[in-house]
Amino acid sequence: MSQVNLDFEAHRRELTGYCYRMLGSAFDADDAVQETMVRAWKRADSFEGRASVRTWLYRIATNVCLDALRGEKRRALPMDLSPASPPRESLLRPPPPEDVWVTPLPDDRLDPAEIASLRDSVRLAFVVALQHLPPRQRAVLILCSVLRLSAAEAAVVLESSSASVNSALQRARATLAALPADQNPGEGPRGSSEASSRAPEADAALLERYVDAFQRYDMAALMTVIHEDAVMTMPPFELWVRGNRDITAWMVEPTPSLCRGSVLVPVTANGVRAWGQYKPSAPEPGSGLTPWALQVHEIRDGKFSRLTFFLDTERLFPLFGLPDRL
């Protein structure tokens, strides 16, 4: 029994990555993994060893995720729900009351080996795209295309047949390929594009230029590191803008301009460099800095292509180990 229990814990991080891709929420993934461990512990005496402990745990985790997704609205980011808006603060509507957004995941919740070899499969854009798939197709795609299980192995996890798995995999890939440009993740798992194959340190100079420009609030410098067709979202608000001109125009609107003087504290999320943004809490010098956003951006061809500012700092800053004040 004790050895089986040790095996359970050895798989916690990879199960977290699996549940996160399935559910699109770091918080829901933690809950799902904990429920998986509880169910596995309760059923440990019935484990007969016909499959590996890993396969058995993935079967339990899949059922936990499918139960959680039953009847739930899919998680998304703003560009999945509405067209782009002009950069005018007057168009900003109150956020939806329910929690509908994909949230970022700290890298320390994942297996380091998984980040190294499967970095593109935890990219925010790919996790968001996965949410367009029906739950069982989502599970099949993750098991086969990300974790590289064979159809027969995935069929054991899903208590299905190889033919059914192959059919679901084909439909899932077709759905992702047909997504509009704003919702398409680009290269999928194990892609060969610059965005998906390069480690964060490969873009160190670009990251430094971004931090320098943002902390100086230099819009001209920011435009040089952002693609002309880039998109910026700000969950939990539905409004989003497209293009480096509109993005920088938005940043100097009355309320966003209060971010002038912000400090960025580096963290890692979804396999990339991210930042906790702290903005001045009052106009007087020396009054301190308070949490404003967790910034998780994506790079394509040497510039930023997606800028996501998660404003739910009450939940996200503790998750990433960020202090509640600077």
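Do we have VAL156 as in a helix (DSSP H, G or I), open to solvent by 50 Å² or more (accessible area, probe 1.4 Å) and either touching a Ser or Thr at 6+ places or on another chain (Cβ under 9 Å) or in contact (Cβ under 8 Å) with a residue 60 or more places away in the chain (or both) here? Please lay out each step first, then the result.
Details: in a helix (DSSP H, G or I): yes; open to solvent by 50 Å² or more (accessible area, probe 1.4 Å): yes; either touching a Ser or Thr at 6+ places or on another chain (Cβ under 9 Å) or in contact (Cβ under 8 Å) with a residue 60 or more places away in the chain (or both): yes.
So VAL156 fits the description; yes.
Among the residues of the stretch 311-325, are any farther than 27 Å from SER117 by Cβ, open to solvent by 50 Å² or more (accessible area, probe 1.4 Å), among the charged types (D, E, K, R) and at pLDDT below 95?
Residues of the stretch 311-325 that are farther than 27 Å from SER117 by Cβ, as a first pass: 311-315, 317-318, 322-325.
Of the ones still in play, those that are also open to solvent by 50 Å² or more (accessible area, probe 1.4 Å) are 312, 314-315, 318, 323-325.
Next, from what is left, pick out any that are among the charged types (D, E, K, R): 312, 314-315, 324-325.
Cutting the leftovers down to at pLDDT below 95 gives us 324-325.
Yes, the stretch 311-325 has at least one match.
Can you find a residue in the stretch 3-10 that is at pLDDT 90 or above and farther than 22 Å from VAL296 by Cβ?
No: zero hits.
Within the stretch 114-135, which residues are more than 19 Å from ALA178 (Cβ to Cβ), open to solvent by less than 20 Å² (accessible area, probe 1.4 Å) and either free of Cβ contacts under 8 Å to residues at least 12 places away in the same chain or under 8 Å from the mean Cα position of the chain (by Cα) (or both)?
Of everything in the stretch 114-135, those that are more than 19 Å from ALA178 (Cβ to Cβ), open to solvent by less than 20 Å² (accessible area, probe 1.4 Å) and either free of Cβ contacts under 8 Å to residues at least 12 places away in the same chain or under 8 Å from the mean Cα position of the chain (by Cα) (or both) turn out to be VAL122, LEU124.
What is the residue count in the stretch 267-284 for residues that are open to solvent by 40 Å² or more (accessible area, probe 1.4 Å) and out of contact with any helix residue (DSSP H, G or I) (no Cβ under 8 Å at 6 or more places or on another chain)?
Going through the stretch 267-284 one residue at a time, the tally reaches 3.
The values are calculated or read from the model by the stated rules, or taken from the named source; none is laboratory data. Everything quoted here is computed from the prediction, not taken from an experiment. With ideal geometry, Cβ positions are generated from the backbone for all residues, glycine too; neighbour counts draw on all protein chains shown. Protein only, heavy atoms only, side chains kept; ligands, DNA and RNA dropped before computing areas. Shrake-Rupley method; radii C 1.70, N 1.55, O 1.52, S 1.80 Å.
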